[in-house]
1. Can you show me the helix-derived [θ] at 222 nm for the chain, built from DSSP H runs with n ≥ 4 at -39,500 (n - 2.57) apiece and divided by the number of residues, rounded to the nearest 500.
2. Note the angle between two axes, namely the Cα long axis of helix 344-354 and the longest principal axis of the Cα atoms of the chain, as a number of degrees from 0 to 90, rounded to the nearest 10.
3. Treating the Cα atoms of segment 354-438 as identical point scatterers in vacuum, please give the log10 of the normalised Debye intensity I(q)/I(0) at q = 0.12, 0.13, 0.14, 0.16 Å⁻¹, two decimals.
4. I'd like to check one number: the per residue accessible area of segment 102-165, probe 1.4 Å, reported in Å² as a whole number.
5. So which of 216/441; 216/284; 39/243; 87/342; 259/420; 202/287 end up more than 25 Å apart by C-alpha?
6. (i) 66, 49, 37; (ii) 63, 45, 42; (iii) 82, 55, 42: which one is Cα extents along the principal axes in Å as calculated from this entry?
7. Given H placed on each backbone N at 1.01 Å, which residues far from residue 173 in sequence or on other chains put an amide H within less than 5 Å of it?
8. Please compute the per residue accessible area over segment 214-348 with all protein chains in place, 1.4 Å probe, rounded to a whole number of Å².
Amino acid sequence: MRRLALVLLAMLLVAGCGAPGGSSGDNAKKAQEQEQSSKKIDVAKAGKVTLTVWDQEVRGGQRRQISQLNAEFMRRYPNVTIKRVAKSFTDLNTTLKLAVSGDKAPDVVQANQGRPTMGQLVKGGLLRPLDAYADAYHWADRYPKVLVDLNRFSTDAKTFGSGDLFGISQMGEIVGLFYNRTMVADPPKTFADLEAALAAAKQKGQVPITFGNLDKWPGIHEFQAVQNRYADPSQVRDFVFAKQGASFNTPENQEAAAKLQEWAKKGYFTPNFNGVGSDPAWAKFGKGAGPFLIGGTWLLRDLSDALGSNLGFMLVPPADSGGAPRALGGESLPFAITSKSKNPDVAAAYIDFLTDPNAAKVLVQTGNLPAMPTDAKPTEPAGVQVFDAWKALGEGDGLVPYLDYSTPDFYDQITAAVQKLMAGREPAKAFTSGLQGDYQKFTGSL
């Protein structure tokens, strides 16, 4: 269906990562040995195998696709049993490093891109490089190069965006604006239109933007949804990939922070949002809590089930009508093979199965956005809008990476800072300068 050019950072993915860690020479030697032993096999001849897989595909469409594909894989290869361990995003990030370090490490895990998770696992020699498998299965033919490179690190984890491949993703991701068509007859075309719609909803006694930030990570999405109104994508990319001279303490980021705080003060978000979970929040939106929800396309299936044809999806509108599309996004958590897997060749065949053309069709059928090209098309209105937005972002070079990729600790730093900002406990200038100080401590060590 599409081979998107997603020129999202292709020239920019050459940045350092890494605090001091173990021996880079040992990591490189082990990676070379693992690459040499990696091969494509006939899984049916592998004997009895149990693959332990840790994933965070727990929501409606995600759960349906992984359940269906796991069942299909085991039907094709009855000698293989998949032992699935499903965790929330937060639980996965909290427990993953300990799990892959242990004697009973899972075979396949989803390890979030960027320095906080994948980078730290690579630095510890806990993930297996996948380039030999990528060559054997032609994985590079399934993705624009920039999406593949988001899963690359040097074996010492100091370089992010190039080096060895450590994971492959299934889905594209866009963080955009879901809306309830019964409350939004005329979707806003500009950012000013959106603000007018929020004010009108508040005046009607509605919750303009349904939002829960107890899990902390949703706050990153709220901030970046507003940030894209003020900051050019290249500015954000330079920061995430530690380009020379990049800074978070910019006038654009201060404007975005001030605007987000203003929205919070005006009551545009769910009351007591820092005490409301993300899942309960989007579920309330699905029950008609208000006109808008800033959320990722991984919610498409659940929200379509809840609202049917009344669900709409759009990108946060630009400053001017017809302006270039921009959105936070990229690809879903990649599937990786742990260094301690006893069946890496079978694990690679499993990952290949999850990302092949058949898997892309299953993803569409279950209400997801595949990162791989496919001729399958969604039929529900919101699904069509999501696919159109993905195409527009690819063609317009409008995807912006997640800020929490930036340093090993930036996820913790920005989530805490956004909570304080939106609660009115920190002004916009302190928000940007504080995060810049944390960022400089890391980049100064590169």
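The values are calculated or read from the model by the stated rules, or taken from the named source; none is laboratory data. Fair warning: this is a prediction, and the values are worked out from it, not measured in the lab. Every residue, glycine as well, gets a Cβ built from its backbone with ideal geometry; the counts of neighbours run over all protein chains shown. Calculation scope for accessible area: heavy atoms of the full protein, side chains included, ligands and nucleic acids excluded. Shrake-Rupley method; radii C 1.70, N 1.55, O 1.52, S 1.80 Å.
1. -13000 deg cm²/dmol
2. In the chain, helix 344-354 runs at an angle near 40 degrees to the longest axis.
3. Values, matching the q order: -0.61, -0.67, -0.72, -0.78.
4. 29
5. Correct reply: 39/243.
6. Correct label, based on the coordinates given: (i).
7. Those lying under 5 Å, H to H, from residue 173 are 330, 331, 332.
8. 34
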